[in-house]
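Report on one structure; see the data block that follows.
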Amino acid sequence: MSERSERSERSERRGGFDPAGPVTGLFFLVLAGAFLADGLSGGHAVETAVMVPVVFIGLGVVGTVRVLTRSRRRRLR
């Protein structure tokens, strides 16, 4: 492979941004913060009736973002 084609291949890989990782990380950090606040407080920081649907909706959003950006992750490799 020539040096020029290696450089152009490398520059194509660098240009993309995959939002799936940051979205997933942010979701789990917020979730961990909610559980930590619940554990450290005397009562319930977030009611179970609210927390369970929020967790399922958040997992759905994370899964949707990962599915929608799957082709982008393949191109970044």
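The values are calculated or read from the model by the stated rules, or taken from the named source; none is laboratory data. Everything numeric here is computed off the predicted structure, so don't read it as measured data. Every residue, glycine among them, receives a Cβ derived from its backbone with ideal geometry; neighbour counts consider all protein chains shown.
Some observations on this one:
- Filter result for the condition that a residue is over 20 Å from Pro19 (Cα atoms), within 20 Å of the chain's Cα centre (by Cα) and not polar (S, T, N, Q), over Gly39, Gly33: Gly33
- For the stretch 34-62, taking the residues that are modelled with pLDDT of 90 or more and not aliphatic (A, V, I, L, M), the one that is surrounded by the most Cβ atoms within 10 Å (Cβ to Cβ) is identified as Gly58.
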